[in-house]
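Some notes on the structure that comes next.
Read the figures in this text as sums done on the coordinates, not as results from a lab. Given the structure is predicted, the values throughout are model-derived calculations rather than measurements.
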Amino acid sequence: MSKQVVRPARTISGSLEVPGDKSISHRYAMLASLAEGPSEITHFSAAADCRSTLDCFSRMGMKFDLQGDRVRIEGAGIGGLRKPRRTLDAQNSGTTMRMLTGILAGQEFKSTLDGDASLRRRPMRRVMDPLAKMGARIEAREGGFAPLKIEGTRLSSINYTLPVASAQVKSAVLLAGMFADGVTSVTEPVRTRDHTELALAEFGARVEHEGRTIRIHGRPELKGRKLRVPGDLSSAVFFLAAAMVLPESSLVIHHVGLNPTRSSVLDVLGSMGARSASFRFAAKMES
């Protein structure tokens, strides 16, 4: 057996592209499934969590074709999801379970949403409580744990103030707000990532901002889109940190998402002496 010698790097130089942002991939897949017409999403995350989202929607009638990092989704329309024949399995994806609960609460059928042993230990009460205020009928194990049994119904709009900042809870309420009459609003104690609001607006929903309050108008007409998922900044940070500690390094990372609600890590690196040439948020619709 031959020996291989690995020596420490002296510098890092070159360019690369990191995988697609998982959080944005989830949201694009969900809204594309509810849109009229086809959507094509490129640089889609290869994470198993995002595949869980696709599989859950496919059990409700959405059709998709995933080839590498490109997925084509035939949307079912805002009222076109069908009752699943089997339990919807979010596997290990908390994002899938919490956000999909908001969508399922407004359907005209009953469904069960479950996950693996790890996900069954994660609390869902903080999503269930605001949805219940909208009229949602959700049963869970004692303590608010999956599996969740959801009896879809016509929802009512609410004005909800988050007791604790959470982008996933905010997203669940906003997504449920699509199936409610009137205008649903969510007020945050502090600003959290706004991927859901941006994606909703991109697909055609009417979303409004006033300070830390976000409003969505019910029953939007979502339209299929061609979108590229920006690179995941969390993945890029490892390479940025490596370039920082090695003198004379020069690294270019292409197409990284620089949403201001998520890019504070760059400010931290900058305060430590890192220099960045130019940044641009890349989550734009392709022509």
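For the chain, modelled as a GNM with alpha-carbon contacts under 10 angstrom, which of His43, His26, His254 fluctuates the most? Of His43, His26, His254, the most mobile in the Gaussian network model is His254. Shape of the stretch 82-227 from the C-alpha gyration tensor: prolate (a/c of 1.5 or more and a/b above b/c, with a ≥ b ≥ c the square roots of its eigenvalues).
Dividing the alpha-carbon radius of gyration of the chain by 2.2 N^0.38 Å (N being the number of residues), what value is obtained?
For the chain, the normalised Cα radius of gyration comes out at 1.07.
Under 5 Å from the amide H of Arg228 lie the amide H atoms of Thr42, Lys284, Glu286, each residue being 5 or more positions distant or on a separate chain, with H modelled from the backbone and absent for Pro and chain starts. Considering only Gly270, Gly80, Gly224, the Gaussian network model of the chain with Cα springs below 10 Å gives its largest mean-square fluctuation to Gly270.
Comparing Ile41, Ile253, Ile73 in a Gaussian network model of the chain, where Cα atoms under 10 Å apart are tied by springs, the biggest mean-square fluctuation is seen for Ile253. Computed per residue of the chain from DSSP H runs no shorter than four, each worth -39500 (n - 2.57), the mean residue ellipticity at 222 nm is -9000 deg cm²/dmol.
When both bridge partners sit in the stretch 82-227, DSSP labels roughly 70% of those beta bridges antiparallel.
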